[in-house]
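K.L.:
I'd like to ask you about the structure that follows.
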Amino acid sequence: MKRIFQSPMFSAPRAGTLALGIVLALGGASAAQAYQVQSGKIHDDAGQRIALRGVNWFGFETASHAPHGLWARNADDMIAQMKSLGVNAVRLPVAPATLHGASVTSVSLALNPQFAGMNGLQVLDYIVHALDQAGIYVLLDHHRPDDEAISALWYTASYSEKQWLDDLKLMAARYKGVPHVLGIDLKNEPHGPATWGVGNPSTDWNLAAERAAQAVLSVNDRLVVFVGGIEEQATCSGAHAHGWGGNLEPLRCMPLSIPQNKLVFAPHFYGPDIYMYSYFSDPAFPANMPAIWQANFGFARDMGHAVMPTEFGSRYGHGGLALDKVWFDAAIDWMVGKDLRDGFFWSWNPNSSDTGGLLKDDWTNVWTDKLARLQTLWGVAPSTPPVVPPPESPAASGDAFSISRVVDSDWGAGYCVSYSVLNVSDHAAQWATSFGFQDKLDRAWNAVVTVDGASIKAKGESWNSSLQPGQKASFGYCATRPAPSSAGATATQFQTQLTSLGDWGKGYCTGVRVTNTSKTVAAWSVTLPLEGRITSAWSANVTAVGGGKAKASGLKWNAYLNPGASTSFGFCASR
């Protein structure tokens, strides 16, 4: 029921090699946890309660086959921002095309060079592992059978139940070794002809959910499964409107045959910005809403089930109805009172046309009023969102200027960068900046750039040195990194640490951390043990060399390591 704005079309080519790009700190990764439900809440294998302060980050279910916003931001920067805001869980909607390696669009490779050459599944691998390494829980959501629209049932004329079950098992198996992948949302928003407990196997969502849960848990019993409701039904359901996936009322008549310690009910509910149901016009609104929410899905919490809405959201007055802001305030207050604090806000993305996002349209700044309401729900102290700094921002003279940096190109042995200088003061001022530098300056433009020992200095030319309030200047330079020592790189220069990311008998995934233990800058290359055939890799060129060995070397952006520096990569193989 939600509309999504598509993105600008920056293209990343279909992967033709094993050169992927995941920047992971894999050293010391823990074994995957076994998740279970106790007293209506999710716990880990140590019995610790997990509170899900979640958002939806969509895009993998669209023709982009990548999370949206990568045309405007670096993926790792967004993940770091999520964590800084208190977000500790992300629901990733996906579609089959992504799971089967469709080509990727709408990714700026200037901002995300690590995605060069990746297909959709490889980008999904990257995002899942990056969230995991940030300590953020991941809920995978089978959102659509295609890249176009949410289907009423779990199958369509062109997408069979078997394909659906196979894709669920693919996700369960592929991320079995990733500690923070906690569950799979089996099907997004059953609606229309979907039924519950009427005895029709072709439309009874409860029976399909049981089959899907069995399929997922047979492959990966560490997960929990999330099951949404249906829409409307004549039996065992109230007469008022429920919305897609929002009706769990038939559960009273027909319980699910899924182990309760592995089951989370995942209703969706929205306000008038999505659809103007009659009860939003009731004179008693919003006081009439708690009874409706209780009837639709709140009762399941009273029965002892885990109930965690995986979609709820609002424009909160930012381009939407004033009535929806009232609705959202009431919804948050009811969820807090009902102890339904776990869930996933729709959405992180600002380009959901019905709800907007937690981010503003610039994909960087946060709607502080929305965040404050979510912090109330999460039970955390209100805080001011931190300013997202530009990558590797240098220091500017005084406090009059804001300086941002963009890498234009990087070929390992050298690179070119551009800077933007903005006068943020209320008076005219001359700009100058300096920052650490260990490379060889080749050329510069739009500034007087000099190297002084281990620093590089830049100041304006005669024509752009003085900036008025709000005025910008741009400059840049290209540089060459120090060449490896004349003796060349040797295998003993590089220390490797291998970490198992999962092993399912017929295949496995391994994470590798490489550290330069020498005293010189060097282009790294290492040899690793290999069982079977390499199926995928990230952050390195990985090739089999025979004799049960594989050779790995860096990509353009991580080929050279400074003394003591490390980089991480990984690969999967089938036996």
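K.L.:
In the set (1) 167; (2) 158; (3) 229, which value of volume of the Cα convex hull per residue in Å³ was calculated from the structure you see?
P.N.:
Recomputing volume of the Cα convex hull per residue in Å³ here picks out (2).
K.L.:
Can you pick out the pairs among Lys176/Lys262; Lys187/Lys360; Lys187/Lys262; Lys176/Lys549; Lys169/Lys506 whose Cα atoms lie more than 18 Å from each other?
P.N.:
Where the Cα-Cα span goes over 18 Å, the pairs concerned are Lys187/Lys360; Lys176/Lys549.
K.L.:
Provide Thr368, Thr520, Thr567 ordered by accessible surface of protein heavy atoms (probe 1.4 Å), highest first.
P.N.:
Result of the area sort, largest leading: Thr368, Thr520, Thr567.
K.L.:
Right, next: Using a cut-off of 19 Å between alpha-carbon atoms, which lysines can reach Lys338, once sequence neighbours fewer than 8 places away in the same chain are excluded?
P.N.:
Lys41
K.L.:
With a 1.4 Å probe and every protein chain left in place, tell me how much accessible area Cys253 has, in Å² to the nearest 10.
P.N.:
My reading of the accessible area for Cys253 is about 80 Å².
K.L.:
Considering the zone a paramagnetic label at Met276 would reach in this model (a point 7 Å from Cα along the Cα-to-Cβ line), which residues of the range 304-342 have amide N under 15 Å from it?
P.N.:
The answer is 320-325.
K.L.:
Need the C-alpha centroid separation for the range 102-138 versus the range 171-227, integer Å.
P.N.:
When both Cα centres are located, 25 Å separates them.
K.L.:
Could you tell me the accessible area of Ser39 in Å² (1.4 Å probe, neighbours in place), rounded to the nearest ten?
P.N.:
Here the accessible area works out near 100 Å².
K.L.:
OK, next. According to a simple spin-label model (label point 7 Å from Cα along Cα-to-Cβ), what is the distance in nm between Asp408 and Arg49?
P.N.:
Result: 5.5 nm between the two label points.
K.L.:
At what distance in nm do the modelled label points of Asp302 and Ser39 sit from each other, each positioned 7 Å from its Cα along Cα→Cβ?
P.N.:
2.0
K.L.:
Leaving ligands and nucleic acids out of the surface, order Val448, Val178 by accessible area at 1.4 Å, largest first.
P.N.:
Val448, Val178
K.L.:
Quick one: if the Förster radius is 60 Å, what FRET efficiency do Gln430 and Thr235 give, using the C-beta to C-beta distance and rounding to 0.05?
P.N.:
Once the sixth-power term is evaluated, E becomes 0.20.
K.L.:
Let me ask something else about it. Which of Ala110, Leu124, His100 sits closest to the plus end of the dipole of the range 46-140, meaning its Cα is farthest towards the positive end, when Lys and Arg get +1 and Asp and Glu get -1 on the C-beta?
P.N.:
Leu124
K.L.:
Which angle between 0 and 90 degrees, to the nearest 10, do you get for helix 368-378 versus the longest principal axis of the chain when only C-alpha atoms count?
P.N.:
Computed tilt is about 60 degrees.
K.L.:
Measuring with a 1.4 Å probe in the full set of protein chains, what accessible area per residue, in whole Å², belongs to the chain?
P.N.:
38
K.L.:
Any cysteines in the chain with zero other Cys Cβ atoms under 4.7 Å from their Cβ? List them, or say none.
P.N.:
none
K.L.:
In whole percent, how big is the carbon plus sulfur part of the accessible area of the range 273-313, probe 1.4 Å, protein atoms only?
P.N.:
Accessible surface attributable to carbon and sulfur in the range 273-313 totals 60 percent.
K.L.:
Next question, about the same structure. Between Ser420 and Thr496, what length comes free when the chain is fully extended (0.36 nm per residue of separation minus the Cα-Cα distance, one decimal in nm)?
P.N.:
Answer, rounded to one decimal: 23.5 nm.
K.L.:
At 7 Å along Cα-to-Cβ for each site, give me the label-to-label distance between Ala291 and Ala157 in nm.
P.N.:
In this crude label model, Ala291 to Ala157 measures out at 4.4 nm.
The values are calculated or read from the model by the stated rules, or taken from the named source; none is laboratory data. All of these numbers come straight from a predicted model, not from anything done at the bench. Glycine gets a Cβ as well: all are built from the backbone with ideal geometry, and neighbour counts include every protein chain shown. Surface areas here come from the heavy atoms of the whole protein model, side chains and all, with no ligands, DNA or RNA. Shrake-Rupley method; radii C 1.70, N 1.55, O 1.52, S 1.80 Å.
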